[in-house]
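The values are calculated or read from the model by the stated rules, or taken from the named source; none is laboratory data. Just so you know, these numbers come straight off a predicted model, no measurement behind them. So basically every Cβ, Gly included, is an ideal-geometry build from the backbone, and we count neighbours across all protein chains shown. Ligands, DNA and RNA are excluded from the accessible area calculation, which covers all protein heavy atoms including side chains. Shrake-Rupley method; radii C 1.70, N 1.55, O 1.52, S 1.80 Å.
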Amino acid sequence: VRSEAVSVMAVGLDDPYVEDGVDHGRVRRPLPIRKALDDTLVVWEMNGEPLPLDHGYPVRLLVPGWVGIASIKWLGELRVTTRAEESPWNTRWYRMHGEGWDGERAVIDRMPVKSLADTLGPFRAGEPVTLRGRAWSGEASIDAVEVSTDDGRTWQQASLTGDNRASCWTAWELAVVF
């Protein structure tokens, strides 16, 4: 790859996407060259077996920490360019918008922070329970998880348990009394 490379356009082999009579071509989504060379993978096997068709056989791009549309299935082409590339999949669709966003809609590439609780009730008032869950931050490890059991009036820091690696779910737990 030449030093002036800026972008990699991944193009799928699926049928062209047509909307309201407009042919937008095959699914394609650009990546900055830095991300493409960092941890992006071209995958042809899963668990030692050929990649299943519904997972992108024969070859799929896998872009850790980024939204699913960046991991192009049925990969047919990788175009390395010396200028930033665009496609409807990053200029028209898969963009943040709505309440709380000002001005231009932002491109969604890296996945936002997510957390969930795995522990389900019923809980009995006054009895201790250990809440357990998982958190994920896309391309980074988790620094902290805070939990509120009173609609956000107060917060308690949970303990992180197990592995805490970038692009992986990290387990957490917190003992509480309701």
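Relative contact order of the stretch 34-83, taken over Cα pairs closer than 8 Å and 6 or more residues apart, is 29 percent.
Express the carbon and sulfur contribution to the solvent-accessible surface of the chain as a percent, rounded to the nearest whole number, probe 1.4 angstrom.
Numbers: 5830 of 11530 Å².
Ligands and nucleic acids excluded, carbon and sulfur give 51 percent.
In this label model, LEU78 and LEU37 are separated by 1.2 nm, measuring between points 7 Å along each Cα→Cβ vector.
By how many nm would the segment from LYS114 to ASN47 lengthen if fully extended, with 0.36 nm per residue of separation less the alpha-carbon distance? Write down the numbers at each step before the final one.
Working: separation 67, 0.36 × 67 = 24.12 nm, distance 2.63 nm.
Full extension of this stretch gives 21.5 nm more.
If you average the sequence gap of Cα pairs under 8 Å that are 6 or more apart and divide by the length of the stretch 1-98, what percent do you get for the contact order? Relative contact order comes out at 36 percent. Think of a 1.4 Å ball rolled over the protein heavy atoms: the chain then has 65 Å² of accessible area per residue.
What ranking, highest mean first, results for peptides 40-52, 60-72 when packing means the other Cβ atoms within 10 Å averaged over each residue?
Details: 40-52: 11.8, 60-72: 19.8.
With the highest mean Cβ count within 10 Å placed first, the list reads 60-72, 40-52.
In whole percent, what relative contact order does the chain give with Cα contacts below 8 Å and a gap of six or more residues?
Details: 356 pairs, mean separation 31.4, N = 178.
Taking the mean separation of contacting Cα pairs over the length of the chain, I get 18 percent.
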